[in-house]
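Derivation of every value follows stated rules applied to the coordinates shown; laboratory data play no part. What you are looking at is a predicted structure, and each value in this text was computed from that prediction instead of being measured. In this analysis, Cβ positions are derived from the backbone assuming ideal geometry, glycine residues included, and neighbour counts consider all displayed protein chains.
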Amino acid sequence: MSVARTHFPAYSRARMESPVHPAVSRDAGLAEAAIASEADIRSGLTENLARLWRYGLVLSHQRDVADDLVQATCLRALERADQFIPGTRLDRWLFSILHSIWLNEIRSRRVRQGQGFVDAGETLTFDGAHDTETHVMAGQVLKQVNALPEAQRTVIFLAYVEGLSYREVAGILDIPIGTVMSRLAAARAKLSGAGSEGGRQ
Amino acid sequence: MNTKHTIPSDEDLTAFIDGELTAEEAARIEAIVNEDESTAERLEFLARASLPFKQAFAPLLAEAPRQKLETMLAAIPAEPSTKSNATAAFAGRRRFLGALAASLVAGIAIDRAVIGIGRSFSAKDENSEWRAVVADYISLYTPETLAGPVPERDVQAAQLAGLDEKLGLSLSPEAVSLPGIDFKRALMLQYDGKPLAQVAYLDPETGPMALCIVKSDAGRKAPDLESRKGLNVIYWSNETHAFMLIGRIPADRMKELGEDVRRRLSA
């Protein structure tokens, strides 16, 4: 074991990096760090626009609402760039921002305005005619998932489409892991039941 | 969690299917499943909901109004007003191109949640799990999936070259050709974050077939036959990669084809 401790990368990095900024005033150094992190958030947003939009569509079932959700998420993320913890997953952070905007602002506003929600089947379709293979089963799976209640639909999407762990899903939705599990179990029971009724193998 | 003899809840079984349990918890569930028929049935019932979610939702990524969203993002002013916008926009665009390329891969990513559960609950075995996922995926193929003309040799070579880099291979149309069976396309997929090469073929008699390759350091393994989802599979591995050939072609013929391809790939 002692062999493995012969060198400390953390120490050597600290020694090498510390002399980089001494000539710059403290304030200038901080400003530079803030700018760099905002640029990081911006490029992270750019990379994740389509995934965020898709999540917005899954939540709202409406394209224009998905557009709004992404825009609000971009604004909020850039405003709060300093709250992002470097080294953690930016996409998870963005998803949680989008989810809280949906939950706290957009959804409640729409419900209050009495607009309700359009039929899931209408909006969540796509022009997949050029891609037979995807087209064949995609419509069926989409339809089944979209028929689930929002709470179940959301965990199915985050866990099985985005491939997040239970812990990550719980973090984004701000709910206990046990709740993630029970929603997934209930969704699975529903999907399996629907599957057999539909005469799937 | 439950004590040893209590029946696992749907939550326990779901976490088991999703690979979210610790090794001990998973072993406990597996033991109960092996002993208790009703638990085994419940597990299979819940596992039936392991649908190809990723593939189903992938087309929605392409539906996102990227240009509109990009423009919207670019229109948000930088927080401290001293920002060099030109640089940020340029970096943004380069990242955007990268993201586009990445999304092409993500768009055809295989759903790792799809576990072929069958009767053997060996979900922990990484080497068999990728084959279960491929079998699930290929079982959705129909001859129409692979309709269209057979690509020319240079097109085949170009498609294969695209796989070589990611997988550290050197595939030629000759090495992967199957006698009497049409080469249809070579695709880069992704399994559990790792590149997965798929060469798809169409057998005029039995329909779609595929040769799939992933990087694997599990070690050399002689060819073996198995059946998954009603498809026959011959699989083997060398020091660097794991291979599988899958299709509805009869087992004997599959064995011959697999061994033939294996010889040419290792030549």
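Figures for the structure shown
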quantity: Note, ³J(HN,Hα) from phi for segment B:254-267, Karplus 6.51, -1.76, 1.60, rounded to Hz, x at Gly and Pro; calculated: 4, 5, 4, 4, x, 5, 5, 4, 4, 4, 6, 5, 8, 5
quantity: Calculated from backbone phi, Karplus (6.51, -1.76, 1.60) coupling profile of segment B:160-166 in Hz, x at Gly/Pro; calculated: 5, 4, x, 7, 3, 4, 5
quantity: Under Karplus coefficients 6.51, -1.76 and 1.60, residue-wise ³J(HN,Hα) of segment A:67-79 in Hz, glycine/proline x; calculated: 4, 4, 4, 5, 4, 5, 5, 4, 4, 5, 5, 5, 4
quantity: Around residue B:178: net Lys/Arg minus Asp/Glu count, Cβ-Cβ under 9 Å; calculated: -3
quantity: Shape call, segment B:195-267: gyration tensor on alpha carbons, a/c limit 1.5; calculated: prolate
quantity: Dipole magnitude of segment B:164-267 about its Cα centre (Cβ charges: Lys, Arg +1; Asp, Glu -1), debye to nearest 20; calculated: 200 debye
quantity: Förster radius 22 Å - calculated FRET efficiency between residue B:31 and residue B:127 (Cβ-Cβ, nearest 0.05); calculated: 0.45
quantity: Centroid-to-centroid separation of segment B:1-65 and segment A:138-154 [C-alpha atoms, Å]; calculated: 18 Å
quantity: Per-residue average of Cβ from other chains inside 10 Å of A:176-188; calculated: 5
quantity: Amide proton proximity set for residue B:228, modelled H, under 5 Å, gap of 5+; calculated: B:233
quantity: Amide hydrogen neighbours beyond the local backbone of residue A:164, cut-off 5 Å, H modeled; calculated: A:159
quantity: Label point distance in nm, residue A:89-residue B:239, each placed 7 Å from Cα along Cα→Cβ; calculated: 3.5 nm
quantity: Taking B:239, A:79, B:30 and counting other C-beta atoms within 10 Å, the order from fewest to most; calculated: B:239, A:79, B:30
quantity: Average partner coverage of A:46-58, which counts Cβ from other chains inside 10 Å; calculated: 6
quantity: Kirkwood hydrodynamic radius (C-alpha pairs) into Stokes-Einstein, segment A:157-196, 10 °C and 1.306 mPa s, D in µm²/s; calculated: 151 µm²/s
quantity: Local electrostatic count, residue A:181, Cβ distance below 10 Å [Lys/Arg +1, Asp/Glu -1]; calculated: -4
quantity: Point-to-point label distance, residue A:150-residue B:154, nm (Cα→Cβ direction, 7 Å offset); calculated: 5.6 nm
